[in-house]
Amino acid sequence: MARSRINVRLSASVAQLAALLAAPTSGMGQPADPAGAPGAPTPAAAAPAADRPGASISIQDIARLGGQGRSPLRGIGLVVGLNGTGDPGTELALARPLAQVYAANNVPLPDLKELARSKSVALVWVSCEAPETGARVDDRLDVTVSVMHSATNLEGGELLLTPLTGPFAGDARLFAMASGPVSVPSLSNPRVGRVRLGAQVTRDIRSAPIGDVLELVIEPHARGWPTTRAIATEINGLLGQDEAGADPPARAVDEATVRVAVPPAERADPAAFISRIVSARLSPALLDLPAQVIVNERTGSIVVTGDVEISPVAIEHKDLVVTTVVPPPTPTPQDPLVLEQNWVGLATGGRGSERARLADLLEAFKQLNVPVKDQIAVLAQIHRSGRLHARFIVE
């Protein structure tokens with residue numbers, strides 16, 4: 001039996017991935033629509049929380065108190081113990097602080113040339129963030145260290161004791177001291193490392209005090225008039241206030257802020273009142289949150305919120321090959337039938353008049369073993385074409 005193997009490529013570098021979304025299929029068999037097929041599991045990313053029975057969130061899940069925010073701390077330090085991957089000792093930016101370390105430990109160096117052959121030390125930028133709720137003395141925070149000059153790899157090094165101050169120029173107040181062994185989270189960028197719980201807080205970092213009026217600031221992913229309006233309504237109901245009155249205690253100020261008047265009886269000690277407000281729960285269905293696609297190419301993650309839709313679009317992708325055996329042989333364990341089709345058609349599966357869901361496309365990517373990096377590139381192109389009906393956020 002004569003056989004021939006045909007490798008079909010659309011061009012020298014582009015092979016076929018045809019994803020025809022929201023279009024009826026004809027003569028091609030049942031469309032691949034795992035998310036819409038009866039009895040098939042729906043990907044978790046595509047299932048809105050509001051669709052799950054009894055789903056609810058607390059106000060503190062999507063809002064923070066006004067005046068709370070992350071507090072960045074920073075400093076310049078030295079990472080020692082590197083295996084020939086540090087800065088050369090001939091760089092004065094490294095040699096001078098390194099000589100000061102020697103002098104502080106009673107080993108003065110009269111001539112900086114003595115450091116010329118050193119490549120075991122790197123000058124690094126040291127940073128960390130105190131959380132939105134602040135930090136107290138002796139709290140521990142994670143630290144990020146980044147190469148400032150020509151060092152190539154921080155793996156295996158140790159950060160010498162480094163003072164961390166506030167973020168503004170001229171702010172010499174000491175808030176924390178950082179030190180410890182450095183680990184490199186990503187081998188693709190060994191010039192950035194982390195010190196797990198490497199910073200010890202030496203001065204309290206406190207949030208702004210609460211006055212007679214507090215503000216709830218909505219997190220960016222949930223901002224919008226529906227959100228602030230729903231939160232204000234929930235708080236007024238919790239306090240037994242009629243919004244039709246002249247002065248309800250909670251008001252939606254804008255898309256990101258709800259202003260709440262603290263009752264006079266609670267102002268001397270507002271802790272219980274604040275706790276009651278931020279722990280109030282409401283249904284996500286009331287928020288009408290926007291659909292979002294959040295991607296991070298560095299970590300290789302794609303997060304989808306809401307029921308994201310895609311208008312009809314055709315996609316081609318590189319390095320995918322359609323392989324066919326002609327004529328088809330009778331398969332045996334020793335000589336199986338070879339049939340590889342690295343394309344898939346997408347339709348809405350029972351939703352003929354509707355647009356396809358992003359979950360359908362992600363499932364097709366999974367079938368075709370498309371790398372996450374390439375998936376992100378395709379999603380970005382669909383977004384630029386105006387066919388991805390969601391906010392597209394790249395982190």
List the GluC sites (Glu not before Pro) within region 161-248 that fall in a DSSP loop (any state other than H, G, I, E or B) and whose Cβ has at most 14 other Cβ atoms within 10 Å.
243
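Given contacts defined as C-alpha pairs under 8 Å and at least six residues apart, what's the relative contact order of region 71-201, whole-number percent? Provide the component values of the computation, followed by the final result.
Values: 324 pairs, mean separation 39.9, N = 131.
RCO, region 71-201: 30 percent.
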Give me the net charge of residue 209's neighbourhood, meaning all other residues with Cβ under 14 Å from the Cβ of residue 209; Lys, Arg count +1, Asp, Glu -1.
-2
Cα Rg over Rh - region 44-180, Kirkwood:
1.18
Given R₀ = 30 Å, what would the calculated FRET efficiency be for residue 70 paired with residue 117, taking r from the Cβ atoms and rounding to 0.05?
0.15
Residues meeting the amide H criterion for residue 393 (H placed from the backbone, H to H distance under 5 Å, 5 or more places apart or on another chain) are 293, 294, 295
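Sorted from fewest to most neighbouring beta carbons within 10 Å, what does the list 144, 165, 332 look like? Walk me through the numbers on the way to the answer.
Values: 144 19, 165 16, 332 8.
Starting with the residue having the fewest Cβ neighbours, the order is 332, 165, 144.
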The FRET efficiency for residue 281 and residue 373, from their Cβ-Cβ distance with R0 = 41 Å and rounded to 0.05, is 0.60
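Sort 174, 65 so the one with the fewest other Cβ atoms within 10 Å of its own Cβ comes first.
174, 65
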Cβ-based exposure ranking for 168, 273, 175, in which fewest neighbours within 10 Å come first:
168, 273, 175
Residues meeting the amide H criterion for residue 71 (H placed from the backbone, H to H distance under 5 Å, 5 or more places apart or on another chain) are 130
Any residue on another chain or 5+ positions along whose placed amide H is under 5 Å from the amide H of residue 139 is listed here as 201
Once the Cβ-Cβ distance between residue 140 and residue 187 is put in as r, and R0 is 25 Å, what FRET efficiency do you end up with, to the nearest 0.05?
0.45
Phi to ³J(HN,Hα) by Karplus 6.51 cos²θ - 1.76 cosθ + 1.60 over region 191-203, Hz, x for Gly, Pro
8, 10, x, 10, 10, 5, 6, x, 9, 9, 5, 10, 9
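Bear in mind that the values in this text are calculations on the coordinates, not laboratory data. Please read all numbers here as calculations on a predicted model, not as lab measurements. Neighbour counts are summed over all protein chains in view; Cβ atoms, including those assigned to glycine, are modelled from backbone coordinates with ideal geometry.
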